[in-house]
Amino acid sequence: MKRLPRAPRIMGIPIRKETGLDLTRAARDILSLRFVPEEVKKERRATCQGCDRWNEAANRCTECGCQMRVKTTLSSSRCPLNKWGPHIEVIRE
């Protein structure tokens, strides 16, 4: 799989143009209470834990820097490596 270009990091979290958009979508999901069903959350976490960018000790993705305990529950979240995407059924409600 092709690696994405390395982004500058602050406290280990990559800062890219998409970081602001991702945080905005996450805040919108939290404020609107748009969370994925438990089975979707489990599938996402299993995918992340099987990825070479997974950091078990920090429970983070080293590609996007996100705390996966939170990110995998939000409906509009997506993997930066396109391994999983938004949960459309929840977003359209």
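Some points to look at:
- Among the residues of region 29-40, those identified as open to solvent by 60 Å² or more (accessible area, probe 1.4 Å) and under 14 Å from the mean Cα position of the chain (by Cα) are Ile30, Phe35.
- Check on Thr73, touching a strand residue (DSSP E or B) at 6+ places or on another chain (Cβ under 6 Å), farther than 24 Å from Glu89 by Cβ, without any contact (Cβ under 8 Å) to a residue 60 or more places away in the chain and surrounded by 14 or more Cβ atoms within 10 Å (Cβ to Cβ): no
- Qualifying residue in region 49-62 (condition: touching a residue at least 24 places away in the same chain (Cβ under 8 Å), open to solvent by 30 Å² or more (accessible area, probe 1.4 Å) and within 21 Å of Pro37 (Cβ to Cβ)): no
The values are calculated or read from the model by the stated rules, or taken from the named source; none is laboratory data. The structure displayed is predicted, hence computed values, not measured ones. When we count neighbours, we look across all protein chains shown, and the Cβ atoms used for this are built from the backbone with ideal geometry, even at glycine. Calculation scope for accessible area: heavy atoms of the full protein, side chains included, ligands and nucleic acids excluded. Shrake-Rupley method; radii C 1.70, N 1.55, O 1.52, S 1.80 Å.
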